[in-house]
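Below is one structure; the comments refer to it alone.
Read the figures in this text as sums done on the coordinates, not as results from a lab. In this text the structure is predicted, and so the values were computed from the model without any measurement. Using ideal geometry, Cβ is built from the backbone for each residue, glycine included, and neighbour counts are taken over all protein chains shown.
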Amino acid sequence: MILLKNPEHTTICFCPLHGIMDTISKKWSLMIIAVIGNSGSAGFNELKRGLCEVSSKTLSATLKELEEKDLIDRRVMDTTPPTVRYYLTVSGWELRELLIPLLVWVMKNGGHEEIGCPIHMHLDEIPVEREKTEKFVLED
């Protein structure tokens, strides 16, 4: 996150939001980030079950877009048959953490949890998978 260190610069341009807002404002994007972040990784069918109402076509397109924006990483596992797992990138983890204050603000301003909501963000300690992701990126 860029912090404004010089008090003379008190403005920040909103233009960089254009590209990322198109991605994260889609219905399932932030929920996918929450589900993957809660477990450290997820397969396609796990995401489909966790998100309940998402179609396979929409889930596939959203995963592809999140991967293109470097928010998730798609890894083909060396198994028989091959399986695919999705992980948050460092940027994905950072975005997930930035959602928490936003969710708190929404709740304070009239937002409410839906009955039977299957998606929650766990606020416990930093998941091991995030530490692995950061270490992997730092070692490259």
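Compute the normalised compactness of region 19-110: alpha-carbon radius of gyration over 2.2 N^0.38 Å, N being the residue count. Intermediate results must be reported in sequence, preceding the final value.
On the way: Rg = 13.5 Å, N = 92, 2.2 N^0.38 = 12.3 Å.
Cα-based Rg divided by the globular estimate yields 1.10.
Quick one: how many lysine pairs does region 1-101 have with C-alpha atoms less than 25 Å apart and a gap of 8 or more or different chains? Give me the count, please.
Step by step, the pairs that qualify in region 1-101 add up to 12.
Between Cys52 and Ile100, what length comes free when the chain is fully extended (0.36 nm per residue of separation minus the Cα-Cα distance, one decimal in nm)?
Numbers: separation 48, 0.36 × 48 = 17.28 nm, distance 2.23 nm.
Result: 15.1 nm gained on full extension.
Order by neighbour count: Ile24, Ile100, fewest other Cβ atoms within 10 Å first, most last. Intermediate values should be presented prior to the final figure.
Details: Ile24 16, Ile100 11.
Lowest to highest Cβ neighbour count: Ile100, Ile24.
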